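J.: The structure is given below, and queries will be raised subsequently.
Since every read-out is calculated from the coordinates, none of them should be taken as a lab result. Computed from a predicted structure; not experimentally measured. Don't worry about glycine lacking a Cβ; one is built from the backbone with ideal geometry, like all the others, and counts go over all protein chains shown.
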Amino acid sequence: MRDHPASRALREANRAFKPVETKKPMTDYAKAQQSLHENRERLKAERLAREAKQGDHPKGNHPR
């Protein structure tokens, strides 16, 4: 059984023009939370890198 050209064209059109999911713009609060989270992760990575670099030295006896 063959599809009617109109139904096939309709399916193709629906596929081509399917609705686009849009994201809501971020609120000021959400932007602040995201910034806080990114900054905390950056600081954590820097602290872990420092601690790994100073891994030879016992804790509390850092050379100055």
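J.: Could you please find all residues in the stretch 8-19 being surrounded by 10 or more Cβ atoms within 10 Å (Cβ to Cβ) and among the small types (Gly, Ala, Ser)?
T.: Of everything in the stretch 8-19, those that are surrounded by 10 or more Cβ atoms within 10 Å (Cβ to Cβ) and among the small types (Gly, Ala, Ser) turn out to be ALA9, ALA13.
J.: List pairs: first residue in the stretch 26-46 and in a helix (DSSP H, G or I), second residue not charged (D, E, K, R) anywhere in the structure, Cβ distance under 8 angstrom, at least six positions apart or on different chains.
T.: Close Cβ pairs satisfying both conditions: GLN34/MET26.
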